[in-house]
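Derivation of every value follows stated rules applied to the coordinates shown; laboratory data play no part. Predicted model only: the values in this text are computed from it and were never measured. Using ideal geometry, Cβ is built from the backbone for each residue, glycine included, and neighbour counts are taken over all protein chains shown.
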Amino acid sequence: MLKNGFADGAIIFDTREIDRRIDYLVERDIPFVIVGRDNVYESTSFVNLDNVKAGYLGAEHLIKKGNRSIRFFLGDENFTVNQDRAKGFIQAFNDYHIKSELRHIEYGIMNPKFAYEKMKNILKEEVPDALFVSGDQRAIGAYHAIQEKGLKIPQDIAVLGIDNIPLSEYYYPALTTISQSVRKMVNGAINILDQQLKDPENHKSQRIIFQPKLIIRNST
């Protein structure tokens, strides 16, 4: 659409460390905003969740609840959001002096079905103390595998998500999760892009970081 002149600007999601979309837009001086982060160009604008902190908060909460063997389900390993959440997760283990062999990061968990299948396979070998899932919708797949095995949440396995989607409050048990203010981030990106389009000559780079919030319910 940008190539054909059908759009004046863009909002970029799911960024990678080396992202050709960003290169393309910068080289052609096309207005855009990133929902995520960019460490390559100083001139880019983005809105983002502090994903390192989100990963840390989740791991810290589970550790403080007495859990030691923790699995972390993440999506595409190449996306910066997942890399940052993994960094925070690992940092919490280091800060609380938990053995590294007790933490397990599982990438490629793209949807509830993947989460269900992965958790089902894990439970054939072991029952971890806790599961941290990047994405509340994916957590429901893990719930299904755990409960299908006859295990109870959180008595046998604690489960924690990220997103705080409205449905998460109505999972059984209600899902402990991390809120990431998606609407605020998207609105922030739209406002920045609007400023770029209205006054491209005087636009300055804006980088807004939102803070995650732990929402404690019954699954941990």
Worksheet item: Once amide H atoms are built 1.01 Å from N in the peptide plane, which residues 5 or more positions from I105, or in another chain, come under 5 Å H to H?
Response: F72
Worksheet item: Once the Cα gyration tensor of segment 51-179 is diagonalised, what are the square roots of 5 times its eigenvalues, in whole Å and ordered largest first, as equivalent ellipsoid semi-axes?
Response: 20, 16, 14
Worksheet entry | Chain lengthening between R207 and D23 when straightened (0.36 nm per residue, less Cα-Cα) | 64.4 nm
Worksheet item: How big is D for segment 119-163, in µm² s⁻¹ as a whole number, if Stokes-Einstein is applied with the Kirkwood radius of its Cα pairs at 20 °C and 1.002 mPa s?
Response: 207
Response to the item:
Sorting A7, I215, L197 by the position of each Cα along the dipole of the chain (Lys, Arg +1; Asp, Glu -1; all at Cβ), the one nearest the positive end of that ordering is I215
Fill in: Residues whose placed amide H lies under 5 Å from that of T220, excluding near-sequence neighbours
V159, T176
Worksheet entry | F13/K87 FRET efficiency (R0 25 Å; Cβ-Cβ; nearest 0.05) | 0.80
Worksheet item: In the neighborhood of S219, defined by Cβ-to-Cβ distances under 12 Å, what is the net charge if each Lys or Arg adds +1 and each Asp or Glu adds -1?
Response: 0
Practice prompt. Tabulate in residue order the Karplus-calculated ³J(HN,Hα) for segment 162-178, using 6.51 cos²θ - 1.76 cosθ + 1.60 with θ = phi - 60°, rounded to whole Hz; enter x for Gly and Pro.
Written response: 9, 2, 6, 5, x, 5, 4, 5, 10, 4, 10, x, 3, 7, 5, 8, 10
Discussion item. Below 8 Å between Cα atoms, with a sequence gap of 6+, how large is the relative contact order for segment 138-220 in percent?
Written reply: 37
Fill in: Taking only Cα atoms of segment 179-220, radius of gyration then Dmax in Å
15.4, 51
Discussion item. Which one, L49, L25, G36, is farthest towards the positive end of the dipole of the chain when Lys and Arg carry +1 and Asp and Glu -1 on their Cβ?
Written reply: L49
Worksheet item: For the chain, with equal point scatterers placed on the C-alpha atoms only and solvent neglected, what are the log10 I(q)/I(0) values from the Debye formula at q = 0.12, 0.15, 0.16 1/Å, to two decimals?
Response: -0.67, -0.93, -1.01
Worksheet entry | Cross-link pairs K65/K87; K53/K118; K64/K213; K65/K213; K53/K124 - those with Cα-Cα distance over 27 Å | K53/K124
Worksheet entry | Farthest toward positive dipole pole in the chain [+1 Lys/Arg, -1 Asp/Glu at C-beta], among S179, M110, G150 | G150
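Do you know the relative contact order of the chain, to the nearest whole percent, from alpha carbon pairs under 8 angstrom that are 6+ apart?
24
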Worksheet item: At what distance in nm do the modelled label points of E169 and H104 sit from each other, each positioned 7 Å from its Cα along Cα→Cβ?
Response: 3.4
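When only C-alpha pairs under 8 Å and at least 6 residues apart count, what is the relative contact order of segment 51-179, in percent?
Relative contact order here is 25 percent.
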Worksheet item: For I63, what is the net charge nearby, where nearby means another residue's Cβ is under 14 Å from its Cβ and Lys, Arg count +1, Asp, Glu -1?
Response: +3
